[in-house]
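Working notes for the structure below.
The values are calculated or read from the model by the stated rules, or taken from the named source; none is laboratory data. Note that this is a predicted model, so its numbers are computed, not measured. Heads up, the Cβs are rebuilt from the backbone with ideal geometry, glycines too, and the neighbour counts pull from every protein chain shown.
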Amino acid sequence: MATNSWIVGLGLITLFILWIARRSYSSRGLVEQLCGPKCTSWLYGHMPELLLSEEYGHHEFQWQEKYGQVYPIQGCLGGSFPLRSLLRFRVYPLVQESRLVISDPSALKYIMSSGIFVLGPSHEKVVKVLFGRGNVFLARGGDHRRLRSGMNPSFSSSRIRTLLPIIRDTATKLIDRWEALGFPGNTVDVSAILNDATLDLMGNAILEHNFNALDGQSELATVQRRMLDLLSSPTKVAQLADAALPYVPDIVLRYTFALPIPTIRIFQKYKKLTDELSLRLLSEKQTRQAPGKSQDFISSCSSGNEGRDDDGLGVHLRTILVAGQDTTGGTVGWVLYKLAEMTDFQQQLREEIRLTNPTEQTDYNTMPLLNSIINEVLRMYPSVPLADRVAKEDCFLPLSQPINTKTGAKVSEIMIKKGQCLYVAIAAYQRIASIWGSDAHEFRPSRWLEEKPCKGQALGPYASLLTFFGGPAVCVGWRLGILEIQVFVVALLEKYVLSLPAGEGRVRARLSVTLVSETLDGKRQIPIHIERVT
């Protein structure tokens, strides 16, 4: 009898241990049981292959083909690194070693719209230092809605249409600058001057301020370029610094960025210049403005700040200047590069422009060839191809189609634990063959002339693309960006014939804060040969 009792007791203990093990396994959210690429470096994880490949996406797109639209990779120090369990400076514990790379459309929609996923820990600290506290990227809940409601009128569809004369005037100044610099008849790098043009446009259209970046007279433009160049250094050391950053207390970062170090002084100067400009713009606005509520960007973003934990108008000024310059300027550069590569298409587009004869009343959305190449550039070369997020609470991530675990089991949702880091794989989503066709990896503008170029659900605000993200965090200036690209491309093609220089014209996409163009010898340029239209 005693023996039977002992056996029953042992059986109950075994069942209890198995129950605990099952709960422990399920609490990991299946992440460790998903199939993914093998990691060969405990120090760097998969980060060099993901972020530092010679051409962006070389490994990532192959991983998607092999492992599907959800798979785990390892971050830097992804092994049994003791600091991960010892240091907990965040409100959510960073207990997950694996990061999920996600391009599944249902999962992406949930990530963007649920409010559960916030900016990744390293980027959160960088954004806080770069822009200041209270910026729209970090705001949540009511604060985020307040900021967006203040910004939205400045970027509404009706407001953007009124900016067309300013955009066309900036395009004319860009052409004048090309002429003054002697671009026609030569092979030149067009990337830097396009970024200057987008900064000037942002100033004139949204801030009612002329930066004079195209004329080379803007100190702020120079400092901003130097600062962004410092931030965009894709190296393994930078990846290790990014991995360690979440464990650095905010107060240490604040003191670090107050040190009299030459590199740090660039950031200090940028903040000083933008803060001074924001105060000057606000003072001028208050002097000119009639009594009553105004819906312009400066008035909206400066109102209601009393008592809030932010840095005033300067934080929002820095946000739109940095977010709106390289992204749009880079996209215009990619469009010009592809047009220089596709000379037949370029000529067809020039004929479409001639027949349309654009004016200040023209609806550029009615030009199919123009928009087909812009859309294809936005699909193939999204400015931000990869966005990191972290779960602030437990949730179940839905999938559009079941995936297999290492054991062969099929799952249609994944349990995500609080603190799980993941990547929103925008560029990879925009190359899924079942959504964009069997030639999804080919640059083919004619797909946008077909009845339904996207075979899946529309996730983003424009052309079913995620280039401008989606949900509450959708890019507030996407309408301005599209119209700016349309007008600049049309104006330049009316005046110039573009071609690639023989033997040295190819560029590749590299990730460096945003997706940048780089020549094969490592220069961040877009070399194009320019001739006047005869």
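So, in region 250-297, of the ones that are outside any helix (DSSP H, G or I) and hydrophobic (A, V, I, L, M, F, W, C), which residue ends up modelled with the lowest pLDDT? Among residues in region 250-297 that are outside any helix (DSSP H, G or I) and hydrophobic (A, V, I, L, M, F, W, C), the one modelled with the lowest pLDDT is Ala290.
I need the helices (runs of 4 or more DSSP H) fully contained in region 135-222, keeping only those with at least 2 residues that are among the polar types (S, T, N, Q). Before you say what the answer is, go through the steps one by one.
Details: elements: 141-151, 157-162, 164-180, 191-202.
Where helices (runs of 4 or more DSSP H) fall fully within region 135-222 and carry at least 2 residues being among the polar types (S, T, N, Q), they are 157-162, 164-180, 191-202.
For residues that are in contact with a helix residue (DSSP H, G or I) (Cβ under 7 Å, 6 or more places away or on another chain) and over 22 Å from Leu399 (Cβ atoms), scanning just region 58-78, find the one that is surrounded by the fewest Cβ atoms within 10 Å (Cβ to Cβ). Checking each candidate, the answer is His59.
Out of region 33-59, which residues are closer than 27 Å to Arg379 by Cα and aromatic (Phe, Trp, Tyr)? Hit for region 33-59 is Tyr56, nothing else. Would you please name the residue that is nearest to Val384 (Cα to Cα), looking only at residues in region 127-145 that are touching a residue at least 40 places away in the same chain (Cβ under 8 Å) and either buried (at least 18 other Cβ atoms within 10 Å of the Cβ) or touching a Ser or Thr at 6+ places or on another chain (Cβ under 8 Å) (or both)? Filtering first and then ranking leaves Phe137.
Taking region 358-387 as the range and being in contact with a Ser or Thr (Cβ under 6 Å, 6 or more places away or on another chain) and either of a type in the set (Lys, Arg) or over 17 Å from Val332 (Cβ atoms) (or both) as the test, no residue passes. Considering region 419-534, the qualifying helices (runs of 4 or more DSSP H), each wholly inside and each with 1 or more residues that are closer than 26 Å to Pro165 by Cα, run over 478-495. Once region 348-394 is narrowed to residues that are touching a strand residue (DSSP E or B) at 6+ places or on another chain (Cβ under 9 Å) and polar (S, T, N, Q), the residue that is farthest from Arg140 (Cα to Cα) is Asn375. Can you find even one residue in region 112-122 that is crowded, with 18+ Cβ neighbours inside 10 Å, within 28 Å of Phe488 (Cα to Cα) and not charged (D, E, K, R)? Among the residues of region 112-122, not one is crowded, with 18+ Cβ neighbours inside 10 Å, within 28 Å of Phe488 (Cα to Cα) and not charged (D, E, K, R), which makes the answer no. Annotation for region 383-394: at least one member residue is out of contact with any helix residue (DSSP H, G or I) (no Cβ under 8 Å at 6 or more places or on another chain) and not in a loop (DSSP other than H, G, I, E, B).
Scoring Cys454 on the criteria (1) more than 21 Å from Gln325 (Cβ to Cβ); (2) touching a residue at least 24 places away in the same chain (Cβ under 8 Å); (3) buried (at least 17 other Cβ atoms within 10 Å of the Cβ); (4) of a type outside the set (Val, Ile, Thr) leaves a single failure, condition (2).
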